[in-house]
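Provided herewith is a single structure, encoded as structure tokens, for subsequent inquiry.
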Amino acid sequence: FVFLMIRRPPRSTQSRSSAASDVYKRQCLKCASGYTFFNGECRSCDVTNGLFVNCKTCELFQNGTKPDPSNPLKTIPTYSGKCKSCNNGYFLAQDAQNQQNCNGFCSPNALECNNENEATKCVDGYGTKPIFGKIMCEPCPPNCLSCSEDRCIQCLPGFFRDPSSFQCIVCSQCPYCLGPTENDCTACFQKKFLQLDSTDYDSQRKGKCVDKCPTGYYQDVMQRTCYKCVSNCEKCPDPIERTCTTCETGYYQ
């Protein structure tokens, strides 16, 4: 017997170099938050060439050159720029070079500020509240997403806001709701259908959770929703178009 060993030819160096060049040809289309696109790369707005501090979005421009400290025969570029928005807790103010910079700090957990004494928008779970003559961002009541002065404005999913106490109460009839009753559900547990209690489908969707849609409703299996047919209609193929195929007993089209 004669055994032949066949060696696989080496992969083309041209294909490898081509693949590598494709990588270098990739260009960034949009920089991440806190970075600005300049000279073909994304540069951080936070301490960009010593211009900005605590800057979230910015613009950078080359405005000239200066001698290179390491080589007097060469020059290096000089930059100017403009900060457009600040990191959380800071606000835009004129710095010593008469540029807009994020020098002012108003409050921890603040998204936006008017000045050092007034936070206007807070991160989730915090709300504005007067403290010692300043408007600060303080923790919201339990299970609250946004608030103002200890009054909840929006609750976390799975809770509803009590209109009298402004506190968040857990939904007991379904996973998501707008109130305490079975007719205040906005979503149901698996295999249940949400039976809407209104034919105005552009309004706030709420209803009760049922095993199947009753007579006079259109059962949308994909959305797990029961849409109410028009008045005195027993079966409807498309309640959104207000059409009816079978009327209730004693009625005709």
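Residue by residue, here is whether (1) touching a residue at least 60 places away in the same chain (Cβ under 8 Å); (2) at positive phi; (3) assigned to a loop (DSSP other than H, G, I, E, B); (4) more than 20 Å from the chain's Cα centre (by Cα) holds:
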site: Tyr79; (1), (2), (3), (4): no, no, no, yes
site: Lys82; (1), (2), (3), (4): no, no, no, yes
site: Asn101; (1), (2), (3), (4): no, no, no, yes
site: Leu111; (1), (2), (3), (4): no, no, no, no
site: Asn114; (1), (2), (3), (4): no, no, no, yes
site: Ala119; (1), (2), (3), (4): no, no, no, yes
site: Asp124; (1), (2), (3), (4): no, no, yes, no
site: Gly127; (1), (2), (3), (4): no, no, no, no
site: Pro130; (1), (2), (3), (4): no, no, no, yes
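While we're looking at this one, here's another question. Check whether at least one residue in segment 133-152 is without any contact (Cβ under 8 Å) to a residue 12 or more places away in the chain and open to solvent by 60 Å² or more (accessible area, probe 1.4 Å), and report yes or no.
no
A follow-up question, please. If you go through segment 11-32, how many residues are exposed (fewer than 10 other Cβ atoms within 10 Å of the Cβ) and modelled with pLDDT under 80?
Qualifying residue count, segment 11-32: 13.
What are the pairs with Cβ atoms under 9 angstrom where one residue, in segment 162-182, is among the charged types (D, E, K, R) and the other, located anywhere, is open to solvent by 50 Å² or more (accessible area, probe 1.4 Å)? Sequence gap at least six, or different chains.
Asp162/Ile169; Asp162/Pro180; Glu182/Gln173; Glu182/Lys208
Of all residues in segment 132-150 being assigned to a strand (DSSP E or B) and out of contact with any Ser or Thr (no Cβ under 9 Å at 6 or more places or on another chain), which is farthest from Phe189 (Cα to Cα)?
Ranking the qualifying residues of segment 132-150, first place goes to Pro139.
Only one residue in Ser198, Ser165 is modelled with pLDDT under 90, assigned to a loop (DSSP other than H, G, I, E, B) and open to solvent by less than 80 Å² (accessible area, probe 1.4 Å). Which one? Steps first, answer last, please.
Details: Ser165 fails: modelled with pLDDT under 90.
Being modelled with pLDDT under 90, assigned to a loop (DSSP other than H, G, I, E, B) and open to solvent by less than 80 Å² (accessible area, probe 1.4 Å) holds for just one of Ser198, Ser165, which is Ser198.
Could you please let me know if Gly89 is touching a Pro at 6+ places or on another chain (Cβ under 8 Å), closer than 21 Å to Ala32 by Cα, among the small types (Gly, Ala, Ser) and open to solvent by less than 50 Å² (accessible area, probe 1.4 Å)?
yes
Now for a different question. Do we have any residue at all in segment 36-50 that's at pLDDT 80 or above, farther than 26 Å from Cys137 by Cα and under 22 Å from the mean Cα position of the chain (by Cα)?
There is at least one residue in segment 36-50 that is at pLDDT 80 or above, farther than 26 Å from Cys137 by Cα and under 22 Å from the mean Cα position of the chain (by Cα).
The values are calculated or read from the model by the stated rules, or taken from the named source; none is laboratory data. Quick caveat: nothing in here was measured; it's all calculated off a predicted structure. When we count neighbours, we look across all protein chains shown, and the Cβ atoms used for this are built from the backbone with ideal geometry, even at glycine. Side chains are part of the model used for accessible areas, which takes the heavy atoms of the whole protein and leaves out ligands, DNA and RNA. Shrake-Rupley method; radii C 1.70, N 1.55, O 1.52, S 1.80 Å.
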